[in-house]
Amino acid sequence: MQTLEVISVNLWQTLISLLNLVVLFLIVKHFLYKPVKKVLAKRQAELEEHYTTAEKAEADARADRLAWEERLSGANAEADAILQNATELAHSRSDAIVSEAREKADGIVRVAQNEAELERRRATESVKREIVEVSGAIAEKMLEREVNVEDHRKLIDSFIENIGESDE
Amino acid sequence: MKRKSLGFILVDALYIAMMTLPIIAGIVLKILTKPASSGITVTGAQIYFTLPLPVQDLPVTESQINSLIVMITALGICLFLTHGLRTRNISRRQHLVEWAIEKVDAMTLDSMGEYFKGFPPFIMSILILSALSSLLSLFGLFPPTSDINIVAGWAILVFLLITYYKFKCGPLGYVKSFCDPPLLAPLNVISEVATPISMAFRHYGNVLSGSVIGVLIATGLQGLSRIVLGWLPGFFGEFPFLQIGLPAVLSIYFDVFSGCLQAYIFAMLTMMYVSGAFNADEYFARKKKKLKN
Amino acid sequence: MLELAIGIILGGCALGAGCAMIAGIGPGIGEGNAVAKACEAIGRQPESKGAVTSTMLMGCAIAETTGLYALVIAILLIFVAPNMLVNILLKAIA
């Protein structure tokens, strides 16, 4: 097998190696750079998209929060108003209840007083009637017997005692 | 992590085969055709056959075959790295390829500027071709970069690019670029012609010096092991045991470091020469004038 | 006579290769200077280590060019020139 000299210039070999470099350039450009650049661009686009969606979501969230805060403050005022109304209502109702109760109690007291009055009157009536009866009986007795001082005193005492007992 | 589908793994295996099989085939070819050598022999590439062509015959040599191997391997690497690209949850190889592309883009932007947007793939291909060609010597193959023709082809392509960008300012601008100080015009012409030659010889010389030193050390170690271990009987006395190990350590410097460094330097010089050849201010002034007319 | 001529050719080529490699002094000194300055620069500004290192490698590679020219010429003289010159000599005699 023959070998070349260490340095031997050959036109065709040089040309072939030049073309080799050109071909490898095309290979690298087409098979290495193009797909990688494509993927990089795609990733860039995806990132952009993610960013825009994230920004949009953030803006949405912010708007939501604002709306909520507004609504919350409105709700606070509403609650205050409701509370006020309720207290007012309760106050008025309690007043009404109290006055009603007072009236009722007054009524009861009045009825009781009336009843007591009636009772007393009845009692005095009955006492009067008894007095009348007793005096009638005393008169009967007095008429039946001769009256002496001693008897008289005894009679009166017993009468009075009778009254006390019956009055009890 | 999602399990990869069977089809994905099959395609991956195909690409890996595309990367490795050419190198294995090259090694087999080398073993089949390598003549038994003795002593210090520093030669060029082996000639497999010769094609008759006008002007000069084309000997199809190891460097041609190995360039082809490098090209197929590079294609396999490109396909393997860009297989299964995703926009999120990316794999390790995608990290690697994105990192590499980002680096090359930044390098090109740094030393060439905005105008040369289409150059990163070219720089990347120079880096891949040069580094892989030099690294072929790790497998015991003939590195195509230690053939002057191969490197000269690349340097001539760079020279064509330089000339193209000099012609962007018109033929008059091209002539004017040599007459910066008018007295030094001949020297400028010489330095212009010297550019591709120096680029080619720099790369070629570095790789060749590595392989020459490798051959020298291997031969020296063969002799040394014959002296030291020659008294052993039979096979043990003949076999150069000292050749195991030490050349590998040296090849880490001469093949890996030097090869990658030369690829980087060739790419850097390409960028510097091409961007230096382009006179941006004058070009844009001309363009504006043309638009006005 | 022929042996003497071939011996002279081989000796001349070897001597020429040795002389050519004197050019290795230049890049050696130059690269040494460059690395020394780079070390100084890194010592002064450790934060700019990456930029200094890459620039230094670049400069070293360019400074090495002359050495490599010498190397190529030396290799030519050792491995290529003797064959060629001996062939020319043989052709001239024949």
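The values are calculated or read from the model by the stated rules, or taken from the named source; none is laboratory data. Fair warning: this is a prediction, and the values are worked out from it, not measured in the lab. Heads up, the Cβs are rebuilt from the backbone with ideal geometry, glycines too, and the neighbour counts pull from every protein chain shown. Remember, those area values only see protein heavy atoms, side chains included, never the ligands or the DNA or RNA. Shrake-Rupley method; radii C 1.70, N 1.55, O 1.52, S 1.80 Å.
Annotations for the structure displayed:
- Residue match in the range B:94-108 (condition: in a helix (DSSP H, G or I), hydrophobic (A, V, I, L, M, F, W, C) and within 7 Å of another protein chain (Cβ to nearest Cβ)): yes
- Between A:LEU19, A:LEU24, the distinction of being within 25 Å of B:THR73 (Cα to Cα), part of a helix (DSSP H, G or I), open to solvent by 70 Å² or more (accessible area, probe 1.4 Å) and at the interface with chain B (Cβ under 10 Å from one of its Cβ atoms) belongs to A:LEU19 only.
- Note on the range C:77-91: residues that are modelled with pLDDT of 85 or more and open to solvent by less than 80 Å² (accessible area, probe 1.4 Å) total 7.
- Output for the range B:197-220, where each listed residue is more than 20 Å from B:PHE142 (Cα to Cα) and open to solvent by 20 Å² or more (accessible area, probe 1.4 Å): B:ILE197, B:GLY220
- Condition broken by A:GLY74, with the remaining ones in (1) within 30 Å of B:ILE126 (Cα to Cα); (2) open to solvent by less than 60 Å² (accessible area, probe 1.4 Å) satisfied: (1)
- Residues that are in a helix (DSSP H, G or I), among the hydrophobic types (A, V, I, L, M, F, W, C), at pLDDT 90 or above and closer than 30 Å to B:LEU129 by Cα occur at least once in the range A:41-50.
- Qualifying residue in the range A:134-147 (condition: open to solvent by 100 Å² or more (accessible area, probe 1.4 Å) and modelled with pLDDT of 85 or more): no
- Of everything in the range A:148-168 that is β-branched (Val, Ile, Thr) and open to solvent by less than 80 Å² (accessible area, probe 1.4 Å), the residue that is modelled with the highest pLDDT is A:ILE156.
- The single condition from (1) more than 11 Å from chain B (Cβ to nearest Cβ); (2) in contact with a helix residue (DSSP H, G or I) (Cβ under 8 Å, 6 or more places away or on another chain); (3) not aliphatic (A, V, I, L, M) that C:GLY67 fails is (1).
- Tallying residues that are touching a Phe, Trp or Tyr at 6+ places or on another chain (Cβ under 8 Å) and in a helix (DSSP H, G or I) within the range B:39-76 yields 6.
- Checking A:SER99 against (1) open to solvent by less than 70 Å² (accessible area, probe 1.4 Å); (2) at pLDDT below 90; (3) not aliphatic (A, V, I, L, M), the condition it does not meet: (2)
- Test: residue in the range B:41-64 that is open to solvent by 30 Å² or more (accessible area, probe 1.4 Å), more than 11 Å from chain A (Cβ to nearest Cβ) and either among the basic types (Lys, Arg) or in contact (Cβ under 8 Å) with a residue 12 or more places away in the chain (or both): no
- Out of B:LEU232, B:LEU242, B:LEU183, sole residue that is free of Cβ contacts under 8 Å to residues at least 60 places away in the same chain and not in a helix (DSSP H, G or I): B:LEU232
- One residue alone among B:PHE159, B:PHE201, B:PHE142 is over 24 Å from B:VAL274 (Cα atoms), in contact with a helix residue (DSSP H, G or I) (Cβ under 8 Å, 6 or more places away or on another chain) and within 11 Å of chain A (Cβ to nearest Cβ), and that residue is B:PHE142.
- Subset of the range B:109-137 (residues that are away from every other protein chain (no Cβ under 11 Å), without any contact (Cβ under 8 Å) to a residue 40 or more places away in the chain and part of a helix (DSSP H, G or I)): B:LEU109
- Count - residues of the range B:129-143 that are under 8 Å from the mean Cα position of the chain (by Cα) and crowded, with 24+ Cβ neighbours inside 10 Å: 5
- Test: residue in the range A:107-128 that is of a type in the set (Val, Ile, Thr) and in contact with a helix residue (DSSP H, G or I) (Cβ under 8 Å, 6 or more places away or on another chain): yes
- Meets criteria (assigned to a helix (DSSP H, G or I), among the small types (Gly, Ala, Ser) and more than 14 Å from chain B (Cβ to nearest Cβ)) for C:GLY30: yes
- Every listed requirement among (1) farther than 24 Å from B:ILE47 by Cβ; (2) more than 9 Å from every other protein chain (Cβ to nearest Cβ) is met by B:THR82 save one, (2).
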